[in-house]
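Asker: I'd like to ask you about the structure that follows.
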Amino acid sequence: MRNKSSVMIAAVFVALACAMPAAAQTLDRIKETAFIKLGYLDDARPFSFAGSDGKPDRETFLRLLAKHNTSAVPTQYSRDGIWVQDGRSVDKLPGFEEGLFIVQGEASQLVGYLAAPVEGELILDGCAAPGGKATHLAQLSKDRAEIVAVDISRRGIEKIRQNCARLHLRSVRTHCADLSQPLRDSWAGPYDRILLDAPCSGFGTLRAHPEIKWQRNITDVLRLSRLQALLLERAAGYLKKNGVIIYSTCTLMSEENEKLIQSFLSRRKDFLLEPAASYLPEPAQEIIHNDYFLALPNRHGTDGFFAARLRKVN
Ligand SMILES: C[S@@+](CC[C@H](N)C(=O)[O-])C[C@H]1O[C@@H](n2cnc3c(N)ncnc32)[C@H](O)[C@@H]1O
């Protein structure tokens, strides 16, 4: 079964490469990860992290899980993460009702460190639903920043509210809006920090969503890349001088990642790329590529994830 699927994936990539020679290079990374990790789907389990200020730390939480016969180990790269090996649904795990954790991939957690939010700051999460990163930003800033979580989806906004209520977080406000359009003045900042976890083709999540290989093609990648560029340009307009934007995606397509950032920087001389390495915990230093954060499923055992840290310098 695994071999048959691999052959079928190869066929799709060859077809795409022929149709779009310029994009063939960017597919190499995906080919590599798809081949190597295809059979790992059955091993996938949620990563989670312990709750906000005043909640048990990771070691205490692991002991609590062990007491309830729930097998869990600390994550390798994130200091807030655990890897739960348990067949029960997430809401049946110890600590769920009490809001001790939320499900979030390990690579996603590392994006929170890149943002490095600080107490008292005004922070915009521009594409926030269902709130995995917004709640992590709240946790990292001890629930004492002011986080504005914007999303175009009403249902997504409701998920953010539910997650914040369950985790007892008070520093997140939600606002349903299309970030590609100007935000109303009362929501337009200026912000100290902005996270733009952009809608993307999702090729970094093939382990959990193998259907993406069949459903998305290069036309989607280019359409998304245009939307991402627009969202980044809009977000940049809401930032304070000396403020920071984290741009992230869960895809490995350079049109949505490195090329998009390079094109932004060539137009916007008021922004600089900051080295991601300076903001990540020691074990995660190996997930750096040319100052970007670039997690690869085959190398790091996480979802594929990209992030860039941009500072507005004048
Ligand atoms: C990758 S998901 C965000 C995941 C979220 N940051 C988290 O960590 O839980 C991208 C989000 O962008 C939202 N989105 C798509 N287009 C948007 C737009 N034009 N304005 C605002 N949000 C948008 C989607 O509804 C989706 O929730």
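The values are calculated or read from the model by the stated rules, or taken from the named source; none is laboratory data. None of these values were measured; they are calculated from a predicted model. Glycine also receives a Cβ, built like all others from the backbone with ideal geometry; neighbour counts cover every protein chain displayed.
Asker: Please name all residue pairs, on different chains or six or more residues apart, with Cβ atoms under 9 Å, provided the first residue is in region 71-89 and is without any contact (Cβ under 8 Å) to a residue 24 or more places away in the chain and the second residue is among the basic types (K, R) and surrounded by 13 or more Cβ atoms within 10 Å (Cβ to Cβ).
Answerer: P74/R58
Every residue, every condition in (1) without any contact (Cβ under 8 Å) to a residue 24 or more places away in the chain; (2) among the acidic types (D, E); (3) surrounded by fewer than 17 Cβ atoms within 10 Å (Cβ to Cβ), yes or no:
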{"residue": "E119", "(1), (2), (3)": "no, yes, yes"}
{"residue": "C127", "(1), (2), (3)": "no, no, no"}
{"residue": "A134", "(1), (2), (3)": "no, no, no"}
{"residue": "D143", "(1), (2), (3)": "no, yes, no"}
{"residue": "C164", "(1), (2), (3)": "no, no, no"}
{"residue": "R170", "(1), (2), (3)": "no, no, yes"}
{"residue": "D185", "(1), (2), (3)": "yes, yes, yes"}
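Asker: Give the number of residues within region 66-100 that are part of a strand (DSSP E or B) and closer than 25 Å to F306 by Cβ. Spell out how you get there, then give the answer.
Answerer: Of the residues in region 66-100, the ones part of a strand (DSSP E or B) are 71-74, 81-85.
So of that shortlist, the ones also closer than 25 Å to F306 by Cβ come out as 74, 81-83.
Final tally of qualifying residues: 4.
Asker: Shifting gears a bit: Of everything in region 104-134, what is β-branched (V, I, T), under 24 Å from I288 (Cα atoms) and within 16 Å of the ligand (Cβ to nearest atom)? Give them in sequence order. Please lay out each step first, then the result.
Answerer: Here is the first cut: in region 104-134, the residues β-branched (V, I, T) are 111, 118, 123.
When the remaining residues are screened for being under 24 Å from I288 (Cα atoms), the result is 111, 118.
Within region 104-134, V111 is the sole residue that qualifies.
Asker: Shifting gears a bit: Within region 235-250, identify whether any single residue is surrounded by fewer than 19 Cβ atoms within 10 Å (Cβ to Cβ), within 16 Å of the ligand (Cβ to nearest atom) and not hydrophobic (A, V, I, L, M, F, W, C), and answer yes or no.
Answerer: In the first step, residues of region 235-250 are kept if they are surrounded by fewer than 19 Cβ atoms within 10 Å (Cβ to Cβ); the result is 237, 240-242.
Cutting the leftovers down to within 16 Å of the ligand (Cβ to nearest atom) gives us 237.
Now drop any that are not not hydrophobic (A, V, I, L, M, F, W, C), which leaves 237.
Within region 235-250 (the criterion being surrounded by fewer than 19 Cβ atoms within 10 Å (Cβ to Cβ), within 16 Å of the ligand (Cβ to nearest atom) and not hydrophobic (A, V, I, L, M, F, W, C)), the answer is yes, since at least one residue qualifies.
Asker: If you go through region 251-268 one residue at a time, how many are farther than 16 Å from H289 by Cβ and touching a residue at least 60 places away in the same chain (Cβ under 8 Å)? Walk me through how you get there before you give the answer.
Answerer: Taking region 251-268 first, the residues farther than 16 Å from H289 by Cβ are 255, 263-268.
If we keep only those that are touching a residue at least 60 places away in the same chain (Cβ under 8 Å) too, we end up with 255.
Summing the residues that are farther than 16 Å from H289 by Cβ and touching a residue at least 60 places away in the same chain (Cβ under 8 Å) in region 251-268 gives 1.
Asker: Looking at K259, K269, which is the one that is modelled with pLDDT of 95 or more, assigned by TED's automatic domain parsing to the domain that holds A134 and either within 14 Å of the ligand (Cβ to nearest atom) or out of contact with any helix residue (DSSP H, G or I) (no Cβ under 9 Å at 6 or more places or on another chain) (or both)?
Answerer: Numbers: K259 fails: either within 14 Å of the ligand (Cβ to nearest atom) or out of contact with any helix residue (DSSP H, G or I) (no Cβ under 9 Å at 6 or more places or on another chain) (or both).
Among K259, K269, only K269 is modelled with pLDDT of 95 or more, assigned by TED's automatic domain parsing to the domain that holds A134 and either within 14 Å of the ligand (Cβ to nearest atom) or out of contact with any helix residue (DSSP H, G or I) (no Cβ under 9 Å at 6 or more places or on another chain) (or both).
Asker: Something else about it: Inspect all residues belonging to region 307-314 and state whether any of them is more than 17 Å from the chain's Cα centre (by Cα) and of a type in the set (V, I, T).
Answerer: Taking region 307-314 and keeping what is more than 17 Å from the chain's Cα centre (by Cα), we get 311-314.
From what is left, the residues that are of a type in the set (V, I, T) are 313.
Yes, some residue in region 307-314 is more than 17 Å from the chain's Cα centre (by Cα) and of a type in the set (V, I, T).
Asker: Looking at (1) touching a Gly at 6+ places or on another chain (Cβ under 9 Å); (2) buried (at least 22 other Cβ atoms within 10 Å of the Cβ); (3) acidic (D, E), which is the only condition D192 fails?
Answerer: Single failed check for D192: (2).
Asker: If I filter region 97-105 for residues that are small (G, A, S) and modelled with pLDDT under 80, do I get at least one hit? Lay out the reasoning, then the answer.
Answerer: Quick first cut of region 97-105, residues small (G, A, S) only: 99, 105.
Filter again for modelled with pLDDT under 80, leaving none.
No: region 97-105 contains no residue that is small (G, A, S) and modelled with pLDDT under 80.
Asker: Kindly indicate whether W214 is over 25 Å from A138 (Cβ atoms) and in the same structural domain as G156 (by TED's automatic domain parsing). Before you say what the answer is, go through the steps one by one.
Answerer: Values: over 25 Å from A138 (Cβ atoms): yes; in the same structural domain as G156 (by TED's automatic domain parsing): yes.
Criteria met by W214.
Asker: So, E255, is that one among the acidic types (D, E), buried (at least 19 other Cβ atoms within 10 Å of the Cβ) and assigned to a helix (DSSP H, G or I) or not? Write out each step before concluding.
Answerer: Working: among the acidic types (D, E): yes; buried (at least 19 other Cβ atoms within 10 Å of the Cβ): yes; assigned to a helix (DSSP H, G or I): yes.
Considered against the rule, which asks whether it is among the acidic types (D, E), buried (at least 19 other Cβ atoms within 10 Å of the Cβ) and assigned to a helix (DSSP H, G or I), E255 comes out as yes.
Asker: Considering (1) touching a residue at least 60 places away in the same chain (Cβ under 8 Å); (2) at positive phi, say which one D192 fails and leave the rest.
Answerer: (2) is the only condition that D192 fails.
Asker: Let me ask something else about it. Within region 106-124, does at least one residue satisfy the condition of being in the same structural domain as G202 (by TED's automatic domain parsing), of a type in the set (G, A, S), assigned to a loop (DSSP other than H, G, I, E, B) and modelled with pLDDT of 85 or more?
Answerer: Yes: one or more hits.
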